[in-house]
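Please read the structure below before turning to the comments.
The values are calculated or read from the model by the stated rules, or taken from the named source; none is laboratory data. Everything numeric here is computed off the predicted structure, so don't read it as measured data. No Cβ is skipped: glycine too gets one built from the backbone with ideal geometry, and neighbour counts run over all protein chains shown. Calculation scope for accessible area: heavy atoms of the full protein, side chains included, ligands and nucleic acids excluded. Shrake-Rupley method; radii C 1.70, N 1.55, O 1.52, S 1.80 Å.
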Amino acid sequence: MAEKDCIFCKIANGEIPSATIYENGDFRVILDVSPASKGHALILPKEHFKDIFDIDADTAGKLFSLATEVARAMKSILKCDGMNIVQNNGIIAGQTVFHFHLHLIPRYEGDNISLKWEQQESVQTELRELAAQIRKKI
Ligand code: AMP
Ligand code: ZN
């Protein structure tokens, strides 16, 4: 269902025009209007899901499968040296549009894009305990 006042619902469903790379019944792939690099693309489901916690596994699976095809086409045309796949969930994580979307960010030698974080220490026993806790919820 389209969400009233959601810009990505309107773009995904063609109510607002966009630079569309690809479209099928479930998704629209567009070029980001404020790209991090040349060719920065977004995959939008046509149905409104807020984020990773909201989207169903089947749609997310189809979306990522499509991402592999789009990524290969982009690499061939853009001649990029690499690519980051980014997907933000929640304000703290940098999400600004609250309609699930996957970023495909082509990377070029010498670009100044930074997706870095500081690595922290970990304790093996704590990692295993935490892994077990999460596993029980899957
Ligand atoms: P995020 O911060 O992960 O929510 O990403 C939102 C992305 O949507 C940003 O990279 C914006 O540049 C992009 N964006 C916002 N409005 C539009 C629009 N009308 N058309 C294309 N991309 C957009
Ligand atoms: Zn939406």
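Summary of packing: across the peptides 126-136, 55-65, the per-residue average of other C-beta atoms within 10 Å ranks them, highest first, as 55-65, 126-136. Seen against the Cα atoms of the chain and their longest principal axis, helix 57-78 is set at about 70 degrees.
Radius of gyration (Cα atoms) of the range 68-122, expressed as a multiple of 2.2 N^0.38 Å: 1.37. The length gained on full extension between Ala131 and Arg107, counted as 0.36 nm times the residue separation minus their Cα-Cα distance, comes to 5.4 nm.
Of the peptides 34-45, 84-95, the ranking by mean beta-carbon count within 10 Å, highest at the top, reads 34-45, 84-95.
Summed over qualifying helices (DSSP H, 4 residues or more, each -39500 (n - 2.57)) and divided by its residue number, the chain shows a 222 nm mean residue ellipticity of -9000 deg cm²/dmol. Computed over Cα pairs, the Kirkwood radius of the chain leads via Stokes-Einstein (0.692 mPa s, 37 °C) to a diffusion coefficient of 197 µm² per second.
The angle between the Cα long axis of helix 124-135 and the longest principal axis of the Cα atoms of the chain comes to about 50 degrees, rounded to the nearest 10. Summary value for the chain: 23 percent relative contact order, contacts being C-alpha pairs under 8 angstrom separated by 6+ residues. Overall, the accessible surface of the range 27-138 at a probe of 1.4 angstrom is composed of carbon and sulfur to the extent of 55 percent.
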